[in-house]
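Where a number appears in this text, it was derived from the coordinates with a stated rule and is not lab data. Since the model is a prediction, treat every value here as computed from it, not as a measurement. Reconstructed Cβ throughout: ideal geometry from the backbone, glycine too, with neighbour counts over all protein chains shown.
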Amino acid sequence: MKRLHIYIFPFLLLSFLGGFTGCGDLLGVRDPEPPDRPTESHWTPATTPPLVIENLKEAFQYREFETYMKCLSDTHNYNLPAFRFQPSAVSSIKYPGKFDAWSPADEQVWFQSLLAACPPDSLLSVTITEDEPFVESLDTVEYQFTYTLDVHHNRVGPPTQYEGKGVFKMVRDSRNYWLIYFWEDISTGEPDWTDLKALF
């Protein structure tokens, strides 16, 4: 009889432990959740040109690179004019060759790099004010604006505020959404958007 107890006891012990570990939720143990990533929840289909500007602001406020990229011309999917960024006039002296072949891929790398340099609890915002009303012609629109960027990053050296003027030219795609296909940055003497793109 003692021998029977010797064999049964380990079996009961293993069964008990197995049932106990199966109750991990009771002990507050959970499967790890996937890490947070940028979402598209703040993107609004840009059926009017002003919505492109709102989406751009939202991309900064909510740190969503996908929302940011949806503001730019998508040549590959919608056969639109190729996106082009024209830096401020002094860029050829300050950053020779940097923007000669600047593409949407460069925009994405830059914006993701900027997001990575800004702690989650830091200020990251863009303020855009209208200099001229939207000027529409068939399926294109031109928009002149003044901007201020507040970028409280963790790098040593680059400024935390950028100012300037700009011009957006937008085009309407086959979905009836407006997108920026040409972007001109205009310096007002302060660190500008061109500087921000070059430094991050």
To the nearest 0.05, what FRET efficiency results for Thr146 and Lys94 with a Förster distance of 25 Å applied to their C-beta separation?
0.70
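Note the full-extension length gain between Asn176 and Arg84 as 0.36 nm times their separation in residues minus their Cα-Cα distance, in nm to one decimal. Don't skip to the answer; put the middle values down first.
Values: separation 92, 0.36 × 92 = 33.12 nm, distance 2.07 nm.
So the chain would gain 31.0 nm between Asn176 and Arg84.
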Using amide H atoms built in the peptide plane, which far-off residues or other-chain residues are under 5 Å from Gly164 H to H?
Tyr147
Using θ = phi - 60° and the Karplus curve 6.51 cos²θ - 1.76 cosθ + 1.60, what whole-Hz ³J(HN,Hα) does each residue of the range 126-140 get, with Gly and Pro shown as x?
10, 10, 10, 10, 7, 8, 9, x, 4, 10, 9, 9, 6, 9, 10
So, in nm, how far is label Tyr62 from label Gln112 when the simple model puts each one 7 Å beyond its Cα toward the Cβ?
2.0 nm
Kirkwood Rh over alpha-carbon pairs of the range 111-166 plugged into Stokes-Einstein at 4 °C, 1.567 mPa s gives a D in µm²/s of 98 µm²/s
Of all the Cα-Cα pairs you can form in the range 96-196, what percent are over 18 Å apart?
57 percent
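Just to confirm a number: summing +1 for Lys and Arg and -1 for Asp and Glu over residues other than Val167 whose beta-carbon lies under 14 angstrom from that of Val167, what do you get? Display every interim value, and only then the final one.
Numbers: positive: Arg84, Lys165, Lys169; negative: Glu130, Asp131, Glu132, Glu142, Glu184, Asp185, Asp192.
Computed value for this residue: -4.
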Computed over the range 140-193, the relative contact order (Cα-Cα under 8 Å, seq sep at least six) in percent reads 35 percent
What lysines could a cross-link reach from Lys94, if we take a straight Cα to Cα line under 16 Å and drop same-chain neighbours fewer than 8 places away?
Lys197
Label Thr48 and Ala105 with points 7 Å out from Cα along Cα→Cβ: what is the distance between them in nm?
3.7 nm
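What relative contact order, as a whole-number percentage, does the range 103-194 give when Cα pairs under 8 Å and 6 or more residues apart are counted? If you can, show how the numbers build up before the last one.
Numbers: 163 pairs, mean separation 19.7, N = 92.
Computed value for the range 103-194: 21 percent relative contact order.
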For Leu123, other-chain or 5+-apart residues with amide H closer than 5 Å (H placed, Pro excluded) are His152
Give me the three principal axis extents of the range 144-198 from the C-alpha atoms, as integers in angstrom, largest value leading.
44, 23, 16
Have a look at the range 56-145 and give its Rg and Dmax from the Cα atoms, expressed in angstrom.
15.0, 43
